[in-house]
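First the structure, in the form of structure tokens, and then the observations on it.
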């Protein structure tokens, strides 16, 4: 699962850089940033839920 999240983060980062590199693709940069933040938040929340341990 961690590998998938890291792979998605890399893909979103590449899309953001491409969007800023080409002026006509600014929308791609915005979508890439939003997806990057969403994936990072999901990964953080998922990881923190595993570190808490079982609820009793």
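A short reminder: the numbers here are calculations on the coordinates, not readings from a lab. Nothing here was measured: the structure is a model prediction, and the numbers come from that model. Here the Cβ positions follow ideal geometry from the backbone for every residue, glycine too, while neighbour counts run over all protein chains shown.
For the pair residue 10 and residue 40 in one chain, pulling the backbone fully straight at 0.36 nm per residue adds 9.7 nm over the alpha carbon distance. For segment 2-51, a Kirkwood radius taken over Cα pairs fed into Stokes-Einstein (37 °C, viscosity 0.692 mPa s) yields D = 294 µm²/s. Ordering 11-17, 36-42, 22-28 by mean Cβ neighbour count within 10 Å, with the highest value first, yields 11-17, 36-42, 22-28. In the chain, the DSSP-assigned H stretches of four residues or longer account for a calculated mean residue ellipticity at 222 nm of -29000 deg cm²/dmol, using -39500 (n - 2.57) per stretch and the full residue count as denominator.
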